[in-house]
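Some notes on the structure that comes next.
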Amino acid sequence: MSANVDLNNRPDYDPVLQDIADYVLEYRVDSPLALDTARHCLMDTLGCGLLALRFPECTKHLGPLVEGTVVPHGARVPGTSYRLDPVKAAWDIGCIVRWLDYNDTWLAAEWGHPSDNLGGILAVADHLSQKRVANGEAPLSMGDVLRAMVMAHEIQGVLALDNSFNRVGLDHVLLVKVASTAVCARLMGANREQLLAALSHAFVDGQALRTYRHAPNAGSRKSWAAGDASSRGVRLADMALRGEMGIPGVLSAPQWGFYDVLFSHANKDLSLKPEGQRRFSLPQGYASYVMENILFKISFPAEFHAQTACEAAVALHPLVRDRLQEIERIVITTHESAIRIISKVGPLANAADRDHCLQYMTAVPLAFGTLVAEHYEDDFHAAHPIIDQLRDKMQIVEDPRYTREYLEADKRSIANAVQVFFADGSCTEQVAVEYPIGHRRRRAEGIPLLEDKFKANLATRFSAQRSVQIFDLCKDPGRLSATPVQRFVDLLVI
């Protein structure tokens, strides 16, 4: 046989895909902690989306692609009157959820925001429930939504534990697309072959680059990229259920597969396999670990690696607010991941640039005692030159312990410390915060604040009576779980 021909023996699906498919089809989510955390995650995620509707740069993206389109049993976008096909609804829900960088976070070798998957989950569940009721069938329940959320979190989070997509320039929304594809296909009734086909297309797709998250190109795409990814997951699931064939060797195919094309140079500090190919490392199976350990952004709409720096800055504010012009330097002690993705100097071009700048996110609470979404806007920045003056005086220092404990499974700290030095030689104490208020280690302290955040976000869109009705339902685990999805979403539309 000639050496210049390809062997055309079709392989089995890559084991990574099979493991995901078997998980979503066979695993029973029964962890009380995971389900209760998913309930809080639902509240927080929806609230973040409602708050984003105050910003025209977000809302300009919403609604049907063709004005006046009528979609039978269309999925609704919370906080609006839009009724859209599930693919566009997933895009819109994902967009509003992520816009302000205020929803949950997962930090490991790769970073991300697993609640981004709610875009696809809620859109599909709302559409299917309406359709089922119209056909005389039982709708999906919010319990189904919560279990799908646990699974989406788990897929995205476990894939992120050891695999650094950012080191090869790929954006973490790849994992949103994979997770949304899997759980949405399951909700839509996919069998194993259909699920595998859908997942293979999620990996064979062209993947988003991280260009839009980093200086000097940071911009608003990072605020809708996850909605785009979750929406794509819905589309791929739909195609698979229509009979579209899969690509079994999408990951491992020599020369043409994901590993060789997009991942072979990942984690250059680790040894490559003998054939020079870097494959995914999966240190544990899929269960409910990620949802149980998810990080909530409670106090600040800020990139998560800066959350503890913001908290430290708020603590220092009373000591420095009357001496801002006397400051000589500000030392921020942090971890390697924060330095790599959010430490930047020079002009900041837009709100999306500012909410991914460690120095900016520390300067604002130092000067003003808090940090809210409006503080990233152009008019606020222009009106307060003190922010950039403080940024210019900042020094960023890595603490090896902070870097190490960031990755340790029993810690997962996200530590920052801030200290201010004055021209007269005096200084503040160093304020260190190793675990943010949204960390599992601070759940008892954080959940009441998360609920307050949800109430405040509801009030930006709904009447007091409707806000109480939604909040009371979400506070009742049993009643929420039993509520038909379309009835729940009824409460969220204008």
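Using +1 at the C-beta of Lys and Arg and -1 at the C-beta of Asp and Glu, which of 80, 122, 107 has the Cα lying farthest in the positive direction of the dipole of segment 28-147? Of the listed residues, the answer is 80.
Using only Cα atoms, tell me the angle between helix 443-459 and the longest principal axis of the chain; keep it within 0 to 90° and round to the nearest 10. That works out to roughly 80 degrees.
Rounded to whole numbers, the Karplus 3J(HN,Hα) couplings from phi for segment 366-375 are 4, 7, 10, x, 7, 8, 10, 4, 5, 5 Hz, using 6.51 cos²θ - 1.76 cosθ + 1.60 with θ = phi - 60°, and x at Gly and Pro. Taking amide hydrogens as placed 1.01 Å from N in the peptide plane, the amide H of residue 398 sits under 5 Å from those of 334, each at least 5 positions away in sequence or on another chain. For the set 354, 278, 28, 83, solvent exposure ranked by accessible area (probe 1.4 Å, protein chains only) runs largest to smallest as 28, 83, 278, 354.
For the chain, the 222 nm mean residue ellipticity estimated from helices alone, with every DSSP H stretch of n ≥ 4 adding -39500 (n - 2.57) and the total spread over all residues, rounds to -15000 deg cm²/dmol. Taking all protein chains together and a 1.4 Å probe, the residues 76, 232, 242 rank 242, 232, 76 from largest to smallest accessible area.
Checking the Cα-Cα distances for 297/393; 88/344; 177/297 against a 29 Å cut-off, the pairs over it are 88/344. For a straight C-alpha distance cut-off of 13 angstrom, the aspartates and glutamates reachable from residue 60 (same-chain residues fewer than eight places away being disregarded) are 92. Remark: segment 15-296 carries a charge dipole of roughly 500 debye about the Cα centre, counting +1 on each Lys and Arg Cβ and -1 on each Asp and Glu Cβ. If the segment from residue 191 to residue 426 were pulled out straight at 0.36 nm per residue, it would be longer than the present Cα-Cα gap by 77.9 nm. The listed peptides 456-465, 200-209, ordered by packing as a protection proxy, come out as 200-209, 456-465 (highest mean of other Cβ atoms within 10 Å first). Note on residue 466: accessible area approximately 70 square angstrom, rounded to 10, probe 1.4 Å, nucleic acids and ligands left out. Based on C-alpha pairs under 8 angstrom that are at least 6 apart in sequence, the chain has a relative contact order of 20 percent. For segment 53-59, backbone phi angles converted through the Karplus equation (6.51, -1.76, 1.60; θ = phi - 60°) give residue-by-residue couplings of 5, 7, 10, x, 5, 7, 5 Hz, Gly and Pro being listed as x.
Against the longest alpha carbon principal axis of the chain, how many degrees, from 0 to 90 and to the nearest 10, is the axis of helix 173-187 turned? Tilt of helix 173-187: around 40 degrees. Give me the accessible area of residue 339, 1.4 Å probe, in Å² rounded to the nearest 10. About 60 Å², ignoring ligands and nucleic acids. For 449, 65, the ranking by accessible surface with the largest value first comes to 65, 449, using a 1.4 Å probe.
Solvent-accessible area per residue in segment 304-436 equals 39 Å², computed with a 1.4 angstrom probe and all protein chains kept. Computed extension gain for residue 449 through residue 137, at 0.36 nm per residue and net of the alpha carbon distance, reaches 108.4 nm. Between residue 329 and residue 482, the modelled label-to-label distance comes to 6.4 nm, taking each label 7 Å out from Cα in the direction of the beta carbon. Does anyone have the angle between helix 86-98 and the longest principal axis of the chain? Alpha-carbon axes, 0 to 90°, nearest 10? Computed tilt is about 20 degrees. As an exercise, use a Förster radius of 45 Å and the Cβ-Cβ distance of residue 380 and residue 25 to find the FRET efficiency, rounded to the nearest 0.05. Here the calculated transfer efficiency is 0.40.
The values are calculated or read from the model by the stated rules, or taken from the named source; none is laboratory data. This is a predicted model, so every value here is computed, not measured. For neighbour counting, all protein chains shown are included, and Cβ atoms are generated from backbone atoms with ideal geometry for every residue, glycine included. Accessible surface areas use protein heavy atoms only, side chains included; no ligands, DNA or RNA. Shrake-Rupley method; radii C 1.70, N 1.55, O 1.52, S 1.80 Å.
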